[in-house]
Amino acid sequence: MTATRSFGLFINGETLDGSAGGTRDLVEPASGAPFGTVHLAGNSDVDAAVTAARAALDGAWGKTGGTERSRLLHALADAIGKNRNELVELEARNVGKAVSSVKLEVGGAAECFRFYASAIGTIGGRSNAMGASLLTYSLKEPVGVVAQIVPWNYPLLMAVWKLAPALAAGCSVVLKSDPQTPATALRLAQLATEVGFPAGAINVISADGPTTGSYLVGHPGIDKVAFTGSTRTGVEIMKLAAESIKRVTLELGGKSPNVLFADADLASAIPASAWAIFYASGQSCEARSRLLVEKSIYDEVVAKLTEAAAKIVQGDPLVAETQVGSLISLAQRERVHGFVQRAIAAGGTAVSGGAIPDGPGAFYPPTIITGLDNAAEIAQEEVFGPVVTVIPFEDEADAIRIANDTRYGLFATVWTGDPARALRVAGRIKSGMVGVNMPYTAFPGIPFGGYKQSGFGRELSVDAIDAYLETKGILVNTGNRPINPFGL
Ligand code: NAD
């Protein structure tokens, strides 16, 4: 069987099949079947995309006012709804993620556009009364042409989280998707053009990161870089952007704690904690990959979590009942398994999972590691797979100490029956977001982003629009007295 789909570049309102970075054949990670061919951008394609984005900003898109931008964002949300089945199938096949999950993500993509369609109304400067003859006010202006770089784990949702606030702010965009997952961001750009976004406002390319991605970040035509990916690449992006003082926001990795006190409602906490790590096979930046459990209930929690993990329905992502699909690739599975093997060699025990299954596809079972403390590699490094390390703690102070003993600070979940403690702990954990007695993480309107090496800048909230705006102060002399400060 040969690959049937072709994923080109989307530049200046057109899908282009030819590209300077060559082509690569893709397989469906859950089956190994051919998925399609991706056309990778090279530097000349980046030049063309940046030129188109600049022309849009200087032309039709730059002249599109807030009300019309809002209408277009709503229209794009409608288009996502109308094309939902196609987007779900593309994403599930491309990523190996269960359609039951991808449906939620496609719905979330539409909601994100609607949120920013409304949030456009929050854009505004200030005026200050300085004195009788001086009028001062500030204006908000789009920061310019933005490079947006997204990873493979949520190809559509990550693209939408970035595109929606940038377009709301009036920026034009060159979005680079990961070479492994070109499908849905490309389709989104096509839909945007169909609903009326001017040519050049949204350009989408797939490209190799270290070569063409670096070229995009350093490009003199780019004013701001918004990046989601690993902390390692985030360091590179900051260095490249520093050369010309580009604005930067970074959404990076995590090693998020899930803190379970003995007074928690285990009937919710156990299944929710399983979801919080095993959703999307653990390939989420906010995966709660460290389960910190109060010592008195440690054995009970490990036993119940093991039972819960065994019930998760893993398999063909296209089957409606499947809850968890495969990893993104066989290479990623090797990487994940390497972490697990080293954890076992270091004295840990895989009480669940921990072995590569027979058969095709990049599947890896839900894996629970015990017997290691927070200093272990598996508790400090982002595994990006369905692997949770369960670590006991003595008391509240010990729980907070362990939770914060990481270079990351993206998300934390706290489970307790004591509301005062919930708020105390939420206040003392150093992370950009904290969930109390619920595992869910991403809602339009709630700022999403990291402390420490999980990055800076916030997505999904009105804060994100600000990151795509410049503030200009205007000072106006409204008086009619002559001005001659040197008495010349
Ligand atoms: P990655 O950093 O390897 O790649 C991310 C993107 O950056 C890809 O598009 C890649 O092609 C590109 N890239 C790589 N090197 C580049 C360079 N030098 N210049 C420009 N672009 C470059 O990350 P990954 O392994 O693909 O993705 C997983 C990571 O993303 C995890 O660390 C995860 O935690 C993180 N992530 C974070 C969030 C968040 O919101 N904080 C969300 C999703 C994923």
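Numbers for the structure displayed
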quantity: Inter-probe distance in nm under a simple model that places probes 7 Å from Cα toward Cβ, at LYS295 and TYR137; calculated: 6.4 nm
quantity: By average C-beta atoms within 10 angstrom, highest first, the peptides 110-122, 84-96, 474-486, 349-361; calculated: 84-96, 110-122, 349-361, 474-486
quantity: Distant-in-sequence amide H partners of ARG288 (H built 1.01 Å from N, under 5 Å); calculated: ILE277
quantity: Hydrodynamic radius by Kirkwood, which averages 1/r over all alpha carbon pairs of the stretch 52-144, in angstrom; calculated: 16.3 Å
quantity: Mean Cβ count within 10 Å, highest first, over the residues of peptides 199-208, 247-256, 402-411; calculated: 199-208, 247-256, 402-411
quantity: Volume of the Cα convex hull of the stretch 257-436, divided per residue and given in Å³; calculated: 109 Å³
quantity: Largest-first principal axis extents of the Cα set of the stretch 170-296 (Å); calculated: 59, 37, 27
quantity: Overall Cα dimensions of the stretch 332-475, principal axis frame, Å, largest first; calculated: 68, 41, 24
quantity: Gained length - ALA346 relative to THR122, 0.36 nm times residue gap less alpha-carbon distance; calculated: 75.4 nm
quantity: Per residue accessible area in Å² of the stretch 257-436, where ligands, DNA and RNA are left out and the probe is 1.4 Å; calculated: 38 Å²
quantity: More than 44 angstrom apart: percent of Cα pairs within the chain; calculated: 17 percent
quantity: Partners for LYS140 among aspartates and glutamates (Cα-Cα distance below 13 Å; same-chain residues under 8 apart left out); calculated: ASP466, GLU470
quantity: Computed [θ] at 222 nm, deg cm²/dmol, the chain (DSSP H ≥ 4; -39,500 (n - 2.57); rounded to nearest 500); calculated: -11500 deg cm²/dmol
quantity: Spacing of the two label points (7 Å from each Cα toward its C-beta) at ASP395 and VAL319, in nm; calculated: 5.0 nm
quantity: Amide H contacts under 5 Å for VAL259, placed H, 5+ residues apart; calculated: LEU292, THR413, VAL414, TRP415
quantity: Binned Cα-Cα distances of the stretch 391-481, short to long, each 10 Å bin given as a whole percent; calculated: 14, 36, 24, 11, 7, 5, 2, 0
quantity: Sorted peptide list for 174-183, 220-229, criterion being average Cβ within 10 angstrom, highest first; calculated: 174-183, 220-229
quantity: Under the Karplus curve 6.51 cos²θ - 1.76 cosθ + 1.60, θ = phi - 60°, whole-Hz ³J(HN,Hα) for the stretch 81-94, x wherever Gly or Pro sits; calculated: x, 5, 9, 4, 4, 5, 5, 4, 5, 4, 5, 5, 5, 5
quantity: Hz values of 3J(HN,Hα) by residue in the stretch 270-281 - Karplus curve (6.51, -1.76, 1.60), Gly and Pro given as x; calculated: 5, x, 5, 5, 5, 4, 5, 9, 8, 3, 6, 6
quantity: Whole-Å distance, taken between Cα centres, linking the stretch 169-226 and the stretch 61-81; calculated: 17 Å
quantity: Phi-based couplings in Hz for the stretch 200-208 (Karplus 6.51, -1.76, 1.60; Gly and Pro marked x); calculated: x, 5, 10, 10, 10, 10, 10, 7, 4
quantity: ALA442 long-range amide H proximity, modeled H, under 5 Å; calculated: none
quantity: Interatomic Cα distance distribution for the stretch 1-71, bins of 10 angstrom, percent; calculated: 18, 33, 25, 18, 6
quantity: Theoretical gain in end-to-end length, THR23 to ALA310 [0.36 nm per residue, Cα-Cα removed]; calculated: 99.3 nm
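The values are calculated or read from the model by the stated rules, or taken from the named source; none is laboratory data. Since we're looking at a predicted model, the values are computed, not measured. Glycine gets a Cβ as well: all are built from the backbone with ideal geometry, and neighbour counts include every protein chain shown. With ligands, DNA and RNA removed, areas are computed over all heavy atoms of the protein, side chains included. Shrake-Rupley method; radii C 1.70, N 1.55, O 1.52, S 1.80 Å.
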